[in-house]
Amino acid sequence: MIYAKRSTYVLLLTLFVAVFSSGQLLAQATATGTIQGTVTDQSQAVVPGAQVVATFKATGATRTINTNDTGAYRFDFVPAGAYQVRVTKQGFATVVENTELLVEQSATVNVTLSPGAATEVVEVAGTAPIVDLTKTGVSQDITPSEVAELPLVGRDAANLAYLAPGVKAADSYDPTKNRYAILSINGSDGRNINTTVNGVDNKDNTVGGAVMQLPLEAVQEFQISTQRFSAENGRSQGAAINMITKSGSNQYHGSVFGYFRNSALDTSEKVPNGDGTATAQHPDYSRQFFGGSIGGPFVKDKLFGFFAIERQRESQGLSESGNSYAELVLAKNAGLAAQPASSIPRPFHEWRYNGRMDWNINNRNSAYVSYSSQANDSLNDQSDGTADLTNGNYTTNHLQVANFTLNSQLTNTLVNQFTFGFQYWNNIIASHINAPLVTFPSPAEFGTNTNVPQQSFQRKWQFKDDISKTLGNHTLKGGVDYIWNPVEGGFFEFNSTLEFDFTQNPSTILGNPSKYPQGFGTAGLIGSMSYSNGDPYFLVATKQLGFYGQDDWKVTRRLTLNLGLRWDRDFNALGQSDITKSRTYQELVAINSPISNPYISHLPHDDTKDFSPRIGFAYDLTGAGKHVLRGGFGLYYGNSFQNIPLFMEQQANPTIFQTPLSLSAPGDSVPGTGLTLGQYQYGISPLPTLPPPGTQLATGSVGRIIDPNYRNPVTEEFNLGYTLALNSNSVVEVEYTHVLGLHENKTINIDQKVPTGTDSSGNVILTRPLSAAFAAAGQPVLFSVRDDASVNRNRYDGVNFSFRQRMTRHFSLNANYTLAWAQGYDYGGFSAFRNYARNSYDLFAPYEFGPTSNDERHHITVSGLVNLPKGFEIAPILQFGSARPYNLTNSTNTLNTGGGTTNAVVVPKSDPRNFLAYAGNDVGAQDCFYLTTNCTIAKFDPLRGNAVFELDAKLAKNIRLGERVNLQIIAQAFNLTNRANYGSNFGGNISSPGTFGHPIGFFAPTATFIPRSIWSEFGVHLTF
């Protein structure tokens, strides 16, 4: 039976490769689009054999094709931009029509011929169709005018993706992404977005999300697809962003700009104190953002060049949370080593540049090469407003992305596109301070940041080929895409200094001398203690391969079907070559326990059956292009990011990186002191004895393994939508989207403590199930064994209502409203990882299920451009999101699970919203949960913060300096209503009742470009 299944699979794969290698293949994401249409005569009879010539206005490049037997024509893989479509046929007058093609869009240009001489030319004043009659997915095109005219606080074009339905801002999920536009799409946390530049991979394989930010002057346009039902895109179970760069043209064109911000133009921030009040702070800030671009012909109609460069100099202060600052001042005055500051300095300096050269080889072949680079350095970009000056860091980044693309029209119906791509990234985050880390529940902390030092780097070489063949009403497409990562990884030396976690805040400790007679040195105040050391590097070589085929079938003039199949394969994505060298794996083999044996029964392997069927349809209900019904279904496989196996890989090094000290229970022994954690006195007891880096795991270490059944995450996606064209310039869209996420990452402690009896006081005794087996086998006793498994799941359901009006009567408008639900199991967002359950033995208990951290019931975005008299224009962006949820936690391991779980909040079953019932009473919580079973765990994300509202606006005065030169004087303001957006950044720690249920910081606290008060800037922008 096994042999039969394997034979069937091999046969299917062989047929799949054979069919696709025959020449009917298509690409991944491309930086192009499609022009198509039908040619008829005045009686609406189709006209076969008509010659159709599409001319790219910028460079004069042409593509020629004849209409087929049904009068249809189609140009695939044509660059986005303005086109002239010319149709000639003997016996008919020539028709010329203009259109605008956006990236990955299909522009329909239907032409009606009238009798006459071919020398007679009929000019049709056409505009780009407002409705894409063949679109089956959910997407938003960001046009060149929107890129140029809408207000952008950080000059990152990706910020405009917030204008698409189902997209909202989210906090940074990794220190390397603090200055990026983090996009929560359909409930995700932003990691699972597949980003490309000119069709070349721009994805971070370590933590997900984008790597490269382009100079805004080099961005022509981009498209964000939140759901897509063709097989063209892969390697993501979320959205896809395809950005294309500007090119030269037959006319010289360019720009010079400067934007300038200063704190004198800003209002004060209302920094929350954690008790429901706020304090006004006015941190220092100044920024100069300047640069320019130039493009034009080297050889007219033949060779073109474009270059853009931008420089940013920024001096920024981050307001410290009022409550955190107050607690750290108390700690400093009590003699602790804290260095509190009301404002944390965050200077930033960056260069971005892009160069591109286009070559029209002949009428059938064209090529271009593009190169972009980004380099920056900064201080304290990990600060979130809750730590002091000793908790900072410095960061350096160097990023590159390049491509060479060759487009060839092999015949009138066969087009090929070959792309070679390169990507490089090197990020270092470190600190000049090496001091113990001390944390308080408020939250507040001082000492060396727990996430430094670390480095991430990757180098990618990409080869892909796309081909399109038109056969009657079928356009057969397909492609192969291969990415080679000869080296990726880096090092992550987390917890590099000894960490002390207090269970109470300084104000509580110092304000209650009878309970804490020795102040910070009172026994029992340290709730946990940890330390890591060893060789922190994780280096892997990976490969990614994808094949797919697609049939865009024009069933009738009104019905289009997209039928596709995709196959993706990752190689060594889980660090399989290191698993048997991992000391945790070796220990589990040695103890031969029935508890752990299922986790080492076999090694995980790369997925080999990631087949993704896709089907989509678009139906023109009346044939007039005004009423379109569309929908589709597809499977989408994502990546297993390198941050998932990195801890296991670190334990495979000759000198392993581990956490040899991880104490979380009062009875845990503090090595070298003769004391338990509950007896330890901070500043009085001797420091614990820290073992040197070793070649084997130390007693008390954290074990790391990869589940043998690990799989790539996958989503099942469904969409049904309706589009109504109100007129040639306005459209209304309504669509329902459904996403079911499966095989998401979850980290599970397979050695979580279990009840084994009661002590003399009648309190529960908890022990680790594997401890006896470790001891019996002569192996170090681990304090937790954490299995990275692909068992989590989540879902999203949303309804989008959209209205778009392009520039008409001096204004354009884009408005979206989304009603949505995003839910999961103890989950921060789709495609997140390092998700720990509160109870590893009941992963899908009802209390583990709840709204994801980015769940918003209602979300509204409105943007537009208004042309006013005398050269003035105004461009607003409005964003509103209803309150998002936040989770509850405790400073101590409430249920004494032994680590490897999220600290639970225990509540009575009779009063499940009495979240403070066992605050400061872990023993009572354990007895109620384990012994009497009268308690349960509070539901995930049970509380919600505040709604978020932001209004940005750009006012500009255009001054014409001749026919082709325009000087724009600009004033921009962000968060015009001066709203203090705290979002869901609320106190949820029951150990800090003073801050519980109150704002403790701003929305998305680590993000750099989300305004906290009114931010203003002035600028000038010269274009020619």
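The values are calculated or read from the model by the stated rules, or taken from the named source; none is laboratory data. None of these values were measured; they are calculated from a predicted model. For neighbour counting, all protein chains shown are included, and Cβ atoms are generated from backbone atoms with ideal geometry for every residue, glycine included. With ligands, DNA and RNA removed, areas are computed over all heavy atoms of the protein, side chains included. Shrake-Rupley method; radii C 1.70, N 1.55, O 1.52, S 1.80 Å.
Side notes on the structure shown:
- Cα gyration tensor, the stretch 497-583 - rounded (a/c under 1.5), prolate or oblate: oblate
- Net charge, Leu888 excluded, C-beta distance under 15 Å - Lys, Arg +1, Asp, Glu -1: 0
- Report summary: the helix-based calculation at 222 nm, which adds -39500 (n - 2.57) for every DSSP H run with n ≥ 4 and divides by the residues of the chain, gives -2000 deg cm²/dmol.
- Positive-pole candidate from Ala338, Phe647, Met243, dipole of the chain, charges at beta carbon: Met243
- A crude spin-label estimate for the pair Asn727 and Ile860, with each label 7 Å from Cα along the Cβ direction, gives 2.5 nm.
- The length gained on full extension between Val754 and Thr267, counted as 0.36 nm times the residue separation minus their Cα-Cα distance, comes to 169.9 nm.
- Remark: C-alpha extents of the stretch 886-981 on the principal axes read 84, 27, 18 Å, sorted largest to smallest.
- Gyration tensor (alpha-carbon) shape descriptor, the stretch 416-473, a/c threshold 1.5: oblate
- Close amide H contacts of Arg1012 (hydrogens built in the peptide plane, cut-off under 5 Å, sequence separation of 5 or more or a different chain): none are found.
- Alpha-carbon gyration tensor eigenvalues x 5, square-rooted, for the stretch 376-531, Å: 57, 17, 12
- Proximal charge balance of Tyr162 [Cβ under 13 Å; K/R count +1, D/E count -1]: -4
- Cα centroid separation, the stretch 971-1024 to the stretch 125-196: 20 Å.
- Matching the structure-derived Rg/Rh (Cα atoms, Kirkwood Rh) against the labelled list (1) 1.02; (2) 0.94; (3) 0.99 gives the label (3).
- Length released on extending from Arg364 to Thr655, taking residue separation times 0.36 nm less the Cα-Cα span: 98.9 nm
- Table column - 3J(HN,Hα) (Hz), the stretch 67-78, Karplus curve with 6.51, -1.76, 1.60, x for Gly and Pro: 5, 8, 5, 9, x, 8, 9, 7, 10, 9, 6, 9
- Of the solvent-accessible surface of the stretch 756-828, computed with a 1.4 Å probe over protein heavy atoms with every protein chain present, carbon and sulfur atoms account for 56 percent.
- Residue-span extension gain [Asn597 to Leu675] - 0.36 nm each, minus C-alpha spacing: 24.6 nm
- Distance from the Cα centroid of the stretch 296-371 to that of the stretch 899-921 is 43 Å (rounded to whole angstrom).
- Selection from Thr450, Asn380, Tyr841 lying farthest towards where the dipole of the chain points positive, charges on Cβ: Asn380
- Rg over Rh, two decimals, the stretch 937-1024 (C-alpha only, Kirkwood Rh): 1.27
- Using a cut-off of 22 Å between Cα atoms, the listed pairs Lys168/Lys477; Lys135/Lys177; Lys57/Lys554; Lys464/Lys746; Lys135/Lys469 include Lys168/Lys477; Lys135/Lys177; Lys57/Lys554; Lys464/Lys746 as exceeding that distance.
- Cα-Cα pairs of the stretch 240-339 separated by more than 24 Å (percent): 57
- Computed 3J(HN,Hα) for the stretch 385-398, one whole-Hz value per residue from the Karplus formula 6.51 cos²θ - 1.76 cosθ + 1.60 where θ = phi - 60°, is x, 10, 10, 9, 5, 6, 8, x, 7, 10, 9, 10, 9, 9, glycine and proline marked x.
- Projecting the Cα atoms of Tyr682, Ser728, His743 onto the charge dipole of the stretch 671-748 (Cβ charges, centred on the Cα centre) puts Tyr682 farthest toward the positive pole.
- Measuring between their Cα centroids, the stretch 687-741 and the stretch 600-614 lie 17 Å from each other.
- Placing +1 on the Cβ of every Lys and Arg and -1 on the Cβ of every Asp and Glu, with no other charges, gives the chain a dipole of roughly 1720 debye about its Cα centre.
- Per-pair calculated FRET efficiency, R0 = 35 Å: Thr689 and Gln586 via Cβ, rounded to 0.05: 0.90
- Net charge in the neighbourhood of Val791 (other residues with Cβ under 13 Å of its Cβ; Lys, Arg +1, Asp, Glu -1) is -4.
- Per residue, in Å², the accessible surface of the chain once ligands and nucleic acids are set aside, probe 1.4 Å: 35
- Where the Cα pairs of the stretch 270-319 fall when distances are cut into 5 Å bins, in %: 5, 14, 12, 10, 10, 8, 9, 7, 7, 5, 5, 4, 3, 1
- Between Ala883 and Ala947, the built amide H atoms are under 5 Å apart, and every one of these is 5 or more places off in sequence or on another chain.
- Accessible surface ranking for Ile433, Ile344, 1.4 angstrom probe, highest first: Ile433, Ile344.
- Helical segments meeting 15 Å axial Cα length and Kyte-Doolittle 0.0 threshold in the chain (DSSP H): 2-20
- Reachable lysines from Lys609, criterion Cα separation under 18 angstrom, eight or more residues apart if same chain: Lys5, Lys543
- Taking θ as phi - 60° and the Karplus parameters 6.51, -1.76 and 1.60, the scalar couplings of the stretch 855-861 work out to 5, 10, 5, 10, 9, 10, 9 Hz in sequence order, x denoting glycine and proline.
- Taking only the Cα atoms of the stretch 832-938, the ratio Rg/Rh comes out at 1.30, with Rh defined as the Kirkwood radius.
- At an R0 of 22 angstrom, the distance between the Cβ atoms of Glu123 and Gln42 translates into a FRET efficiency of 0.80.
- Using Cβ point charges alone (K and R +1, D and E -1), the dipole size of the stretch 346-475 about the Cα centre works out to roughly 660 debye.
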